[in-house]
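Below is one structure; the comments refer to it alone.
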Protein chains: 2
Amino acid sequence: MLRARGLRVTEPRVAVLSYLASTSRHPTAEDVETAVNAGGPVLSRASVYNVLHSLARAGLVVGMSVKDGATRYDAHVAPHHHLVCQACGRVEDVAWQDFGVAERGVLPDGRTVRALALTLDGVCSDCG
Amino acid sequence: MLRARGLRVTEPRVAVLSYLASTSRHPTAEDVETAVNAGGPVLSRASVYNVLHSLARAGLVVGMSVKDGATRYDAHVAPHHHLVCQACGRVEDVAWQDFGVAERGVLPDGRTVRALALTLDGVCSDCG
DNA sequence: ACGAGATTTAGAATAGTTCCAGACGAGCAT
DNA sequence: ATGCTCGTCTGGAACTATTCTAAATCTCGT
């Protein structure tokens, strides 16, 4: 998977990518560091950022900024939106077809939209 | 205007709000500080943040996070989207009717969307 | 004009991220 | 398999954006 994108296969990359792929949360870099270092050899903070950047450049994960706090990462790269809960701050996925927009297109004035994910403010399933 | 929202009218608030209302850019807190202090009495950095937070809480401005860098502020609170140019990083407005989505609504699974603004990745008018 | 309480201030403190220079190790060529 | 090369990893310092704190100041109802 990494190899297919022209990235060398290293232990840190495997660890980070499997963690991200295994969770439906949208962990911050710190979450990743904590999880990956939970019971084994340590990954330095700088490495976490390095790896996240590599994976993002390769298109294997996407990073997203939410107004409060740190950048969150998501290994689900198929087109979908994010719902940021105004009550609890959680970030949940929203299936693409559940919020109808053209995936990409040209605005009436000619500007081009290449949206991969939209961020919606709302209320999540628990706080609803 | 400030008074209408139950905020005391102070010189810093007036200065920041007029600056934000006068520009179609989407300035960062630092931009605001620079602009407001350009030729007059100084506003401390902490005050800029204080004021931006008050205004945001009162609904007179909205803050938005873009993946790279600092939070940007916008005094145009009517519903509209933001287009983040992938080439130059600029943030431009997109009229609501130019990108059709329901302003708010309920997803098929019951979660509530209260979107005020969506952030689109794309290419701006200059870089087009 | 006065007083209560909100607001501002400067600077220190914190959080998130990046930079650096050197050590290390993946994978190509042999 | 072995050596080499360069991409990758590391710890720590540095940096940037933002928040905190405690005291000074100012707005506005009375």
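Using only Cα atoms, figure out Rg for the stretch A:3-74 and give it as a multiple of 2.2 N^0.38 Å. Write down the numbers at each step before the final one.
Numbers: Rg = 11.6 Å, N = 72, 2.2 N^0.38 = 11.2 Å.
Expressed relative to 2.2 N^0.38 Å, the Cα Rg reads 1.04.
Which of these, B:G59, B:G110, B:G40, has the largest mean-square fluctuation under a Gaussian network model of chain B (Cα springs below 10 Å)?
B:G110
Please list, by residue number, every one of the trypsin sites (Lys or Arg not before Pro) in the stretch B:1-68 that is coil in DSSP and has at most 10 other beta-carbon atoms within 10 Å.
Details: sites: B:R3, B:R5, B:R8, B:R13, B:R25, B:R45, B:R57, B:K67; in loops: B:R8, B:R25, B:K67.
Loop-located and lightly packed - B:R8.
Starting from a label point 7 Å past Cα on the Cβ side, list the distances from A:A4 to the same position in the other copies, nm, shortest first.
5.6
Tilt of helix B:45-57 relative to the longest C-alpha principal axis of chain B, in degrees (0 to 90, nearest 10)?
The answer is roughly 50 degrees.
For chain A, what does the helix formula give at 222 nm: sum of -39500 (n - 2.57) over DSSP H segments with n ≥ 4, over the residue count, nearest 500 deg cm²/dmol? Write down the numbers at each step before the final one.
Details: 3 runs with 33 residues, N = 128.
After summing the helix terms and dividing by the residues of chain A, the value is -8000 deg cm²/dmol.
With the Cα gyration tensor of chain B in hand, give its eigenvalues times 5 under a square root as the equivalent ellipsoid semi-axes, listed largest first in whole angstrom. Working shown, then result.
Numbers: eigenvalues 155, 78, 28 Å².
So the three semi-axes of chain B are 28, 20, 12 Å.
State the three equivalent ellipsoid semi-axes of the protein assembly as shown, derived from the C-alpha gyration tensor as the square roots of 5 times its eigenvalues, in descending order and whole Å.
On the way: eigenvalues 226, 103, 73 Å².
Equivalent ellipsoid of the protein assembly as shown: 34, 23, 19 Å, largest first.
In whole Hz, what ³J(HN,Hα) sequence does the stretch A:19-31 give by Karplus (6.51, -1.76, 1.60; θ = phi - 60°), x for Gly and Pro?
Result, rounded to whole Hz: 4, 5, 6, 8, 10, 9, 6, 10, x, 7, 4, 5, 4.
State, to one decimal in nm, how far the label point of A:H53 lies from the label point of A:C127, with both points 7 Å from Cα in the Cβ direction.
Here the answer is 3.2 nm between the modelled labels.
How far is A:K67 from itself in the other copies, in nm, if each label sits 7 Å out from Cα along the Cα-Cβ line, shortest first?
Result for A:K67, in nm, nearest copy first: 2.1.
Within a Cβ distance under 15 Å of B:H53, other residues only, what is the Lys/Arg minus Asp/Glu net charge?
Numbers: positive: A:K67, B:R5, B:R8, B:R13, B:R45, B:R57, B:R72; negative: A:D68, B:E33, B:D74.
Once all neighbours under 15 Å are counted, the net charge is +4.
Just so you know, all these numbers are worked out from the coordinates, no wet-lab data involved. Given the structure is predicted, the values throughout are model-derived calculations rather than measurements. For neighbour counting, all protein chains shown are included, and Cβ atoms are generated from backbone atoms with ideal geometry for every residue, glycine included.
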